[in-house]
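In what follows, a single structure is set out as structure tokens and then discussed.
Quick note: the coordinates plus some simple rules give every number you see, no bench work behind them. On a predicted model such as this, the values are computed, not experimentally measured, just so you know. Cβ placement follows ideal geometry from the backbone for every residue including glycine, while neighbour counts extend to all protein chains displayed.
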Amino acid sequence: MVRSRTYYRVQIAALRLALGEREQAAATVHDLDPGTLENRRINTRLRTVQRTLGGTLP
């Protein structure tokens, strides 16, 4: 269940980025740590979102 929730949060953040909603995207993933995720695909997507956000993370 945690994996699914994390996956959808990362997907929502990526969608918000695509829509130009940087602050909302940052708020969606601000407490996710790629170092704690065991699933490599989700980890890679999260890192991509975080890299795109740059300094926007709270």
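Take the residues of segment 8-58 that are in a loop (DSSP other than H, G, I, E, B) and among the aliphatic types (A, V, I, L, M): which is surrounded by the most Cβ atoms within 10 Å (Cβ to Cβ)? Looking at the filtered set, the residue picked out is LEU37. Sub-6 Å Cβ pairs linking a first residue in segment 19-40 that is touching a residue at least 40 places away in the same chain (Cβ under 8 Å) to a second residue that is hydroxyl-bearing (Ser, Thr, Tyr), at least 6 apart or interchain, number zero.
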